[in-house]
Ligand code: PHE
């Protein structure tokens, strides 16, 4: 096809990005999504902050960015979506095609639970439009005023002191507990349970086990220090509040009471939504409909335009909320939580989760970047593009943490609250801000929705493009049929938290809700495996000629660094993590040995 006109016609037929920036914008739109704003803060909270964030950043740099470049390269060179791309590059059908298929499957699985969370965001957008938090705030304010007027100051002092003591001792106690590896505490728990059941006899029998006896001795010594730390925290708190004036105590107690009521009601509202399967069905269906419409509308016009304008708006709004957080009492604590690496605070499983999330948040391991790369013309620097996409994604993820955790700590909430974190925390701040808060809430949840949409589009695009590219379906037909099938497949996730769920036995049987199971399967298995194969393919299998052509203009040293990462570092790290998952390595003990 040397005739430029013919080439252009072919490009138009398959669809291409409208501008050079278009690809980066759309890829960043795919990367930035619920993973950044919903998932990252809550898994950071569950994994103790600091060190988890650092490990995550390392995963992005050492595994994510190299594999991102690899995916874009494969897509751009093949000009095909993942299933077809490998065969095109190898010149024949090979086993690598299976990697493409796994990607299609992963897109299917992820979108099926992603639409549920996006549905929650939709519900919250509407809730914000009717200003749902205002009555909650007003009622709480009234109650707190009454509380201030009627409660004796001594009772307030006692309550505040108890709260402060609990808060401070929790951190102290955690630190002491982490001095021993988890196995010690597991042994100790087993011992205590046995003593509880069999009394002195159980005690004697268990202490006969040499290893266990040593664990018990160690745990008991630490337990003594735990008790002492609790005691000290209680004394400190009482002294602290004795020094505060009555007025200071009253004011603080009122705020605490008001915030407690607001947090309880807002938490309740979230619980009510997620357990209401039919409402979530409605929202998920609406979200899926939007996704289908954009994908059916074609590559450039739909996706690119949405991303170019709304993404910067989201970042600006989040920046604003971070500034708001900076004026809250919990900001210092939030900063420490997010950035201070404390080896004793990391849960071992966090390492695995950090890697899995690096794939999830960058949309890697399922061919989304292969697909988007395939619509790219020209030979712009792939490494630079990857750095930009990952950079924007990381900034949004960190902003999300800096926005959410000050509110969590200011309200005395739990960082480890799980999947509801963003929905339970942000409305607290919006409620306090008053009437301007309503506008912020609408903007925030609305933009979160847009971010979710630009990610969902890329998932459906991977699945649909197989039927468009390989099966010759029309774009609208593929979008509609597959969108509907995925929606149906997602219904168990929609109803996963509804008490009337038909698969009620799922959670007791598998230890996770259906929704969490889908997330777990995709994020922890399918994406890392897909990424592993992509890195091996790009590093070792992809013909050098093709690779060199795609890396034209990239500095030789950069190419060498990338090759090192994609050939060795990324695969080895992923394999190590997967080995740990199947139980060959015990990362609990490794980490403990490493840091002690
Ligand atoms: N990266 C998206 C997010 O962070 C999720 C996603 C995963 C999108 C895989 C496409 C492919 O929300």
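Just so you know, all these numbers are worked out from the coordinates, no wet-lab data involved. On a predicted model such as this, the values are computed, not experimentally measured, just so you know. Glycine gets a Cβ as well: all are built from the backbone with ideal geometry, and neighbour counts include every protein chain shown.
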Quiz item: For the range 165-319, what is one quarter of the convex hull surface built on the Cα atoms, given in nm²?
Solution: 18.2
Exercise. Kindly rank 262-269, 396-403, 32-39 from highest to lowest mean number of other beta carbons found within 10 Å of each residue.
Key: 32-39, 396-403, 262-269
Exercise. Let me know the volume per residue of the alpha-carbon convex hull for the range 109-217, in Å³.
Key: 245
Practice problem: Would you compute, for the Cα atoms of the range 300-438, the largest minus smallest coordinate along each principal axis and list the three values in descending order, in whole Å? | Solution: 51, 42, 23
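Taking neighbour counts of Cβ atoms within 10 Å as a proxy for exposure, in what order, fewest first, do 146, 462 appear?
146, 462
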Self-check item: Rounded to whole Å, sorted largest first: equivalent-ellipsoid semi-axes of the range 118-173, Cα gyration tensor
Solution: 33, 22, 4
Quiz item: What order do you get for 552, 377 when you list them from fewest to most C-beta neighbours inside 10 Å?
Solution: 552, 377
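Compute the FRET efficiency between residue 540 and residue 21 as 1/(1 + (r/R0)^6), taking r as their Cβ-Cβ distance and R0 = 30 Å, and round to the nearest 0.05.
0.40
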Quiz item: Calculated from DSSP H runs of 4 or more alone, at -39500 (n - 2.57) each and per residue, what is the 222 nm mean residue ellipticity of the chain, nearest 500?
Solution: -25500 deg cm²/dmol
Quiz item: Any idea how far the Cα center of the range 47-117 sits from the one of the range 337-390, in Å?
Solution: 10
Self-check item: Isotropic mean projected area of the C-alpha convex hull, the range 216-302 (nm²)
Solution: 13.6
Practice problem: Could you work out the per residue convex hull volume over the alpha carbons of the chain, in cubic angstrom? | Solution: 176
Quiz item: In whole Å, what is the distance between the alpha-carbon centres of the range 422-494 and the range 240-294?
Solution: 22
Quiz item: Based on the mean of other beta carbon atoms within 10 Å per residue, what is the order of 291-298, 180-187, most packed first?
Solution: 291-298, 180-187
Quiz item: Which order do 67, 442 fall in if you start with the one that has the fewest other Cβ atoms within 10 Å?
Solution: 442, 67
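When you count, for each residue, the other Cβ atoms within 10 Å and take the mean per peptide, how do 510-521, 18-29 rank with the highest first?
Answer by packing, highest mean first, reads 18-29, 510-521.
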Quiz item: Taking the inverse of the average 1/r across all pairs of different Cα atoms in the range 20-61, what Kirkwood radius in Å do you get?
Solution: 11.6
Quiz prompt | Segment residue 224-residue 150, extension gain: residue separation times 0.36 nm, minus the distance between their alpha carbons | solution = 22.7 nm
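For the range 446-543, what does the alpha-carbon gyration tensor say about shape, rounded, prolate or oblate, given a ≥ b ≥ c as the root eigenvalues, a/c under 1.5 as rounded, and a/b over b/c as prolate? Let's see the in-between values first.
Numbers: a/c = 2.06, a/b = 1.33, b/c = 1.54.
Oblate, because a/c is 1.5 or more while a/b does not exceed b/c.
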Quiz item: Over the range 284-406, what relative contact order in percent results from Cα pairs under 8 Å that are six or more residues apart?
Solution: 49
Practice problem: Return an integer: the convex hull volume of the alpha-carbon atoms of the range 8-158, in Å³ per residue. | Solution: 205
Practice problem: For an R0 of 30 angstrom, estimate the FRET efficiency from the Cβ-Cβ distance between residue 246 and residue 171 and round to the nearest 0.05. | Solution: 0.55
Self-check item: Cα-based equivalent ellipsoid, the range 156-210: semi-axes from gyration tensor eigenvalues, Å
Solution: 33, 16, 6
